[in-house]
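Rule-based calculations on the coordinates, nothing more; no lab input. No experiment lies behind these values; they were computed from the predicted model shown. For neighbour counting, all protein chains shown are included, and Cβ atoms are generated from backbone atoms with ideal geometry for every residue, glycine included.
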Amino acid sequence: MSAAAYALRETVIRSATKEVVIGHDRPFCIIGERINPTGRKVFQEALRAGDLSLVTKDVAAQVAGGADVLDVNMGVPLTDEAELLEKAIRLVQAHTDLPVCIDSSVVDALEAGLAAYQGRALVNSVTAEDERMEQILPLVKKYDAAVIALPNDADEIPMDWEKRIELVDKIVRVATQDYGIAIDDIVIDPLAMPIGADGSVGQSALTTIREIKARWGLNMTCGASNVSFGMPGRHAINAAWLPLAMGAGLTSAIMDARTPQVVESVRAADLLLGHDEWGGTWIRRYRAKQAAEQAAAAAGSGA
C-alpha cells in the first residue's frame, strides 16, 4: 500500500453559508439524529397530515444541544417520502445554517432531497451490496455529496472485523474507481452492535475503527446509541462508548444532541485528545452552562 493511503482524510460538507470539516485532527462532529419519525407515533401522524411543525422544534433542540450537522429522515409509511423529504430539507435550511445529512433508503427520496438541498450534503447511506452501490453512488457523484457507507452486504452483517475490512476495501474500490468519488468523501460506519446481545461487539467495532484509520485514514461515524440498545442506563453506556471510539479513530456520530451527559463526554474527549486548543471550547461551553443555570435560578427566585 502506498504512503498516500495512510493520509488522514478530511470530509467537507456545507450548507449555503456554513462549512463543517470532519477529520481525525478536528473536533468530533455531532450529527443530530432527532429529525426522524422512527418510533415517534405523534411525529408520524403529524407528517401524514402534512404538518411539519415538529421539524422546526427538533431543529431548535438539536442546535441548542450542540449539533454540528443535522440528520434528516422522513421515512413514514403511507406517505410520499420524496415529497416529504424535499419539504423537510427546505424547512430545516430556513431555520438553521448547519449542514444536513440526508437520510433515506428510498432512492427517489434521496434524489429529491439532494436536488432541494442548498450546499454539499452527506448522504446516509449505502452498503457494500452491488445493487445499492449502483443506485446510490451515481447520485452521490451527480450532486457532489459525501456518503456514509456500511460494510455489510446481501449475505450478512459481519460480526468479525476482518470481514468488515474486506467490505470496506470493496466500497472504497468501487466508489473511487467505478464512480470517481473522492476517497475523502467516503465516511464508514464500522457497525457498532448492541453490547447486550454479545459482549464482544464493542471490541470488534473498536478493532474495525483502528484498522480503517490505519489502512485508509477514512472518517467514520456510527449510530451512537446502537451499542446500548436493550440495556438500562443507556446514556451512561453511550457516554463511555464514544470517547473509547474517538480514541480509536471515530470522527463523528449520529446521536441525540439533547443528551448533555453524552455531548459533554464527547467534548471532554476532544479536549483530552488535543482537538480543543487550550480548552477554549470546553471553557466557553462551561461558562455558558453556568450562566444559564444562574439565570434559571434567578428567574425561579423572582430576583
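Side notes on the structure shown:
- Using the Cβ-Cβ distance between residue 299 and residue 42 with R0 = 35 Å, the FRET efficiency computed as 1/(1 + (r/R0)^6) comes to roughly 0.75.
- Here each label is just a point 7 Å from Cα along the line to Cβ, and for residue 159 and residue 229 those points are 1.5 nm apart.
- Restriction of the trypsin sites (Lys or Arg not before Pro) in the range 1-61 to DSSP coil positions whose beta-carbon has at most 15 other beta-carbons within 10 angstrom yields 18, 40.
- Order of 231, 74 - criterion: other Cβ atoms within 10 Å of each residue's Cβ, fewest first: 231, 74
- Per-residue Karplus couplings for the range 259-265, computed as 6.51 cos²θ - 1.76 cosθ + 1.60 with θ equal to phi - 60°, are listed in order as 9, x, 4, 6, 4, 5, 5 Hz, Gly and Pro entered as x.
- Packing, as the average of other Cβ atoms within 10 Å across residues, places the peptides 242-250, 193-201 in the order 242-250, 193-201, highest first.
- For the listed residue pairs 142/213; 141/163; 18/87; 87/142; 142/163, the alpha carbons are over 25 angstrom apart in 142/213; 141/163; 142/163.
- Placing unit charges on each Cβ (+1 for Lys and Arg, -1 for Asp and Glu) gives the range 154-236 a dipole about its Cα centre, and among 157, 223, 180 the Cα reaching farthest toward its positive end belongs to 223.
- Packing here is the average count of other Cβ atoms within 10 Å per residue, and on that basis the peptides 155-163, 121-129, 174-182, highest first, run 121-129, 174-182, 155-163.
- A cut-off of 5 Å between modelled amide H atoms, ignoring neighbours fewer than 5 places along the same chain, links residue 220 with 188, 251, 252.
- Longest to shortest principal axis, alpha-carbon extents of the chain, angstrom: 65, 45, 39
- Rounded to the nearest 20 debye, the dipole size of the chain about its Cα centre is 1120 debye, using +1 on the Cβ of Lys and Arg and -1 on the Cβ of Asp and Glu.
- Shape summary: the range 1-122 maps onto an equivalent ellipsoid whose semi-axes, from the alpha-carbon gyration tensor, are 28, 16, 13 Å in decreasing order.
- Theoretical ellipticity at 222 nm over the chain - DSSP helices of four or more residues, -39500 (n - 2.57) apiece, nearest 500: -14500 deg cm²/dmol
- Selection among 195, 136, 167 by position relative to the dipole of the range 124-197 gives 136 as farthest towards the positive end (Cβ unit charges, Cα centre).
- DSSP beta bridges in the range 3-272 [antiparallel fraction, %, rounded to 5]: 20 percent
- Whole-angstrom gap from the range 231-255 to the range 97-147, using each part's C-alpha centre: 25 Å
- Our coupling estimate for the range 83-90, obtained by passing each phi through the Karplus curve with A = 6.51, B = -1.76, C = 1.60 and θ = phi - 60°, is 5, 4, 5, 4, 5, 5, 4, 5 Hz, Gly and Pro reported as x.
- Panel note: the C-alpha atoms of the range 74-204, placed on their principal axes, show extents of 43, 37, 29 Å (largest first).
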